[in-house]
Structure formats: C-alpha cells, structure tokens
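The values are calculated or read from the model by the stated rules, or taken from the named source; none is laboratory data. Not measured: the values here are computed from a predicted model. Cβ sites come from the backbone with ideal geometry, for glycine too, and all protein chains shown count toward neighbours.
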Amino acid sequence: MAAAVVAVLALAAGCSRESDGQAVRADSAAAGIPTVVVLDASDSMNTADAPGPRWAAAKAAAQELVSSLPPDTDFGLVVFGAQVSAKSAGRQAACADVQVVRPLGSADAAEVTEALDGLTPQGFTPIGTALQEGAALLPDTESALVLVSDGESTCAPDPCETAASIRAAKPKTTISAVGFRTDADSLQCVARDGGGVFVTADNAEQLTARLAAVQNAEVADSRLAPTGRGDAKIGDTLDQVAADNEGFPTSGRTEGDRLIIVWKDCTYTFDADRTLIEIAPGDPAGATGVTIDGVTAGTPGSRVVELYGEPTTSGDGVATFPADEGAGTGYRIGYRGGDEIGDGTVTTVVLCRCAGDDSEDKPEPVLGRDQYIPYAVGFGAARPAVISFGSTASSTIARITWDSWGGQTATGTGVSQLNGVGNPLSTMSLKASDLGWCDGAWTYRKVQTATSEARLDSSRKIDVCRA
C-alpha cells in the first residue's frame, strides 16, 4: 500500500527552531510530560505487513516509548478493539470496546509489556470513545495524548469533533496521531483539531521512531516529515507557503526556471510553476536537516536503510529514499565513508519531490483526484471525455478529445455551455500538467482551460489534486 500523504499540522516558523533559548537537538529525548497512548487493537491489526503482524509492531513501539520517557514520567495506556470480536458481536457492544489497560502512573515498561501481551486484536475501531477515555486520565496541565491506528473510525462519536472538544477543555493537551500504513482522514483530523502532529508509518522501525517523535510535538514540528515541515509542504504554491508562514519572503534568486528562497537558515526551492519542490535546512543546504525519524548528520547509513529500505537511486555520495509515495516525495541523503550508504555516515538530509528513479516505468496518468472538491466529475480517470468543476452546465466540458496523453503535459479540446443552457456551445481548449503522484496515483495535478489554445498559457492553473 502506498504511503500516504503525510502532514505536520502544528504551527511552523521556518527551519530554525528554539525552545527556551536552546536549539532543538535531533536526538532530543521524549518529553517528560504526562502521556497517554491510545492503541488500536481492531481486527485489521492482525495484518502481517509490518513485516510481521501490525499488532506486534504497535506493542513494540509502545514499549520502546515507555522505556525512553524520563524517569517518573506519568504514562497511561488505552486500547480499543481487544475484547469483542468484530465478526460476531453486535455494533453496540463492539463500539463500546474500549479499556484502560494501564491507568496514569509512573512509567514502567515491564507493566506495559505485561498488559499488552494479554490482548488479542479482534474488534471495531471506536476512536472517538477511546480518545475520551484517554483524555479523562490526563491532568489539565501540559500533557500528550497520542493515537496509533491503522484505519478509519467505525463508530460514533466523530473523532474529529472529539479531538476538538478535548482540546477546548484541555488547551495544554496536544493530541497527535500516527497512521500505521494509512493516512485515514479521521486520523489526520484528530491531530489537526487536537493541536498536534500527524504522521504515517510504513513499517515497524518507522512506527517505533514516529510514535516517540510525535509524543514530543515541539520536536516533531521541527523535523522533516515525509511531506513537509511545519506548515510548508512539498506541492504547496509559493503563495500558500507565504500565507501559512508569517514573514516568508516571496522573492529570491533564480537558477534557470527555479526560484530559490533562503529563510531562517533554510533553503526552499520552487519550480517554474512556483510550487515547492525542496526543503533543505542548514548551510550548506541539508546540513542540519532531520527526518521525522531522527536521521541527521552523523546517523549511521545502516540505520537509514533500516528505516526506509534500499535507496531508489544512489551514487556520488548521495542516496534517495521514498518518503511518501503518494505525495511523490523523497529524502535525498548525502553520505561519506562508504561506497554505499549502508556502509557510510549521513552528512546532509533534504526533503524533495524526488520519490524515485525518473526512468522507472509509470502507469498511465489520470487527471486529478476523484471528487477533489464536492460535485467535481470526471477526475481520477485517464483521458476523461467529460469533466465538471461544479454542479452547473457552465462548469462542465464535454466531448473532450485529447491530442496527447502520458507526456509531461497533455492537451485537448472539448465543448461547454459557457453562456448557459440553450445557447450555442463554446469550444474549449485544455492543458493538463504537473505530472506526479497524487494519493498513490500517477496524476496530472493541474489543469488549465480557455476558449482558445492561444489563451491557455495565461489561464489559471487549477489544482485538481489538492484543491
């Protein structure tokens, strides 16, 4: 399954981060604040693709987090889906399957291990109720509530609304989430509405590292997540980045068709369409980059391979690893001391739109994401004959004939009732561009329309992937 688009949802403030006057270190320990982990033990956690069962990976990650907490840190554990079988129980019983397996108290790895070893994944996914139980354990002081799950919520209450309510009642509690081999909307919104961080994890090593990272939201917010850093995400436009990051400049130096902006000791690279394609902390670029998993200058290359597998490209002291296949992002990691990165040591870390080898065979592209906005029609398909940007006739283009498809751009012509129903049809020209990954599909992510081919290049580019 493709990794999903990952978002760091807390506030960003450039590449340089400080806490109490001290730079945030790549090897910062977990925060010594009261922490409750809410762990998914639904039936799907029996899936063996971590490698091994997802439940085994989740238990190991929770155990490692407890071991990493500072002494005398209060820790609690809530599990859902471990008491009632999803295959035989009624919905009411399955949606009430939430238990506090360890009340809040001094962290003890042995006790957590014993509690988890006696559980069997088998039930539903009542995320909202589990979050409520976890929040009830925490004080009104600074604290962390962390959800680990591999899927969408299957029960009321709504997890997004629940997270927002908890945050309103306990504003010093950050609610973060780790999606294990998923980027489910109900996990992303928990972190967004809970003031925390959302990341995905694709294997056991990543799950262990990322659970520890999001427990300390401040540190997680300072790192290069698989799709961005803070509120600057690969694929965002320059205008979006500037709007989301106060003080971000909109001008810089140009190198060919690229715009290079250095802000707060970090280099941001935008392509010809002024779309963010690279984030490189430090000087030289990438020297102080840290992945969400803690990979940074000085990390053994063997650890990089443990986390991300074999590189998609490697040579001349630089290796590229997939960060988020769905978003088309990768970690470009410099190394020295070995012919291969596994034998060397990391020197630089950059997040970029560089998921793999460009020579790799790609599937036939589709146009945008299905229903990228409500009422959109025809998107998410290859060579669509009809597309609609809304619910009106004037927003629909029909009888489309594509003159080219599969290259870096695709052009076509169609007809539309621009002047309303009953009036003559208008001929429309289309141009699809920005070929790359969108939610796991090889996609033309932008489209332009105009009443003539001559007007296409000056027409607005509509983002039909991220809306």
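Would segment 121-128 turn up any residue that is part of a strand (DSSP E or B) and under 20 Å from Ile292 (Cβ atoms)? Scanning segment 121-128, I find no residue that is part of a strand (DSSP E or B) and under 20 Å from Ile292 (Cβ atoms), so the answer is no. In segment 107-131, the qualifying residues are those that are out of contact with any helix residue (DSSP H, G or I) (no Cβ under 6 Å at 6 or more places or on another chain) and closer than 21 Å to Lys170 by Cβ, and the one that is surrounded by the most Cβ atoms within 10 Å (Cβ to Cβ) is Ala130. Residues of segment 185-220 that are surrounded by fewer than 24 Cβ atoms within 10 Å (Cβ to Cβ) and charged (D, E, K, R): Asp185, Arg192, Asp193, Glu205, Glu218.
Residues in segment 164-192 that are among the aliphatic types (A, V, I, L, M) and assigned to a helix (DSSP H, G or I): Ala164, Ile166, Ala168, Ala169, Leu187, Val190, Ala191.
When Arg383 is tested against (1) surrounded by fewer than 21 Cβ atoms within 10 Å (Cβ to Cβ); (2) touching a residue at least 60 places away in the same chain (Cβ under 8 Å), just one condition goes unmet, and that condition is (2). Is it true that Asp357 is part of a loop (DSSP other than H, G, I, E, B), assigned by TED's automatic domain parsing to the domain that holds Cys266 and modelled with pLDDT under 90? No; evaluated as a whole, the condition is false for this residue. Pairs meeting the criteria (first residue in segment 402-420 and aliphatic (A, V, I, L, M), second residue surrounded by 15 or more Cβ atoms within 10 Å (Cβ to Cβ) and part of a loop (DSSP other than H, G, I, E, B), beta carbons under 8 Å, at least 6 apart or on different chains) are Ala410/Pro365.
Scanning segment 297-324 for residues that are among the small types (Gly, Ala, Ser) and assigned to a loop (DSSP other than H, G, I, E, B), we see that the one that is surrounded by the most Cβ atoms within 10 Å (Cβ to Cβ) is Ala297. Taken over segment 193-214, the criterion of being of a type outside the set (Ser, Thr, Tyr) and part of a strand (DSSP E or B) is satisfied by Gly195, Gly196, Val197, Phe198, Val199, Ala201.
Out of the residues in segment 239-260 that are farther than 21 Å from Ala323 by Cβ and under 21 Å from the mean Cα position of the chain (by Cα), state the one that is surrounded by the most Cβ atoms within 10 Å (Cβ to Cβ). Step by step, filter segment 239-260, then rank; the result is Ala242. Put simply, of Ala191, Ala209, Ala217 the only residue that is closer than 30 Å to Lys172 by Cα, touching a Phe, Trp or Tyr at 6+ places or on another chain (Cβ under 6 Å), hydrophobic (A, V, I, L, M, F, W, C) and in contact (Cβ under 8 Å) with a residue 40 or more places away in the chain is Ala191. Looking only at segment 421-454, residues that are touching a Gly at 6+ places or on another chain (Cβ under 7 Å) and free of Cβ contacts under 8 Å to residues at least 60 places away in the same chain come to 2 in all.
Condition first: touching a Cys at 6+ places or on another chain (Cβ under 9 Å), of a type outside the set (Ser, Thr, Tyr) and surrounded by 24 or more Cβ atoms within 10 Å (Cβ to Cβ). Now tell me which residues in segment 325-352 satisfy that.
Across segment 325-352, the qualifying residues are Ala327, Gly328, Gly330.
Looking only at residues that are among the charged types (D, E, K, R) and buried (at least 21 other Cβ atoms within 10 Å of the Cβ) in segment 261-296, which one is nearest to Glu205 (Cα to Cα)? The qualifying residue nearest to Glu205 (Cα to Cα) is Asp293. Of all the numbered requirements in (1) assigned to a strand (DSSP E or B); (2) over 25 Å from the mean Cα position of the chain (by Cα); (3) closer than 30 Å to Ser222 by Cβ, Gly342 misses one, and that requirement is (1). For the residues Val38, Val66, the requirement of being at pLDDT 95 or above and more than 30 Å from Ala441 (Cα to Cα) singles out Val38. The combined condition, being in contact (Cβ under 8 Å) with a residue 60 or more places away in the chain, surrounded by fewer than 22 Cβ atoms within 10 Å (Cβ to Cβ) and either not hydroxyl-bearing (Ser, Thr, Tyr) or not assigned by TED's automatic domain parsing to the domain that holds Leu65 (or both), is fulfilled by Pro139.
For the structure I just gave you, tell me whether Thr288 is in contact with a strand residue (DSSP E or B) (Cβ under 6 Å, 6 or more places away or on another chain), of a type in the set (S, T, N, Q) and in a loop (DSSP other than H, G, I, E, B).
Taking the combined requirement at face value, the residue satisfies it.
Evaluating Leu351 against the criteria (1) over 19 Å from Ile277 (Cβ atoms); (2) at pLDDT 95 or above leaves one unmet condition, (1). Listed conditions (1) under 15 Å from the mean Cα position of the chain (by Cα); (2) in the same structural domain as Ala144 (by TED's automatic domain parsing); (3) within 27 Å of Thr275 (Cα to Cα) are all met by Gly195, apart from (1).
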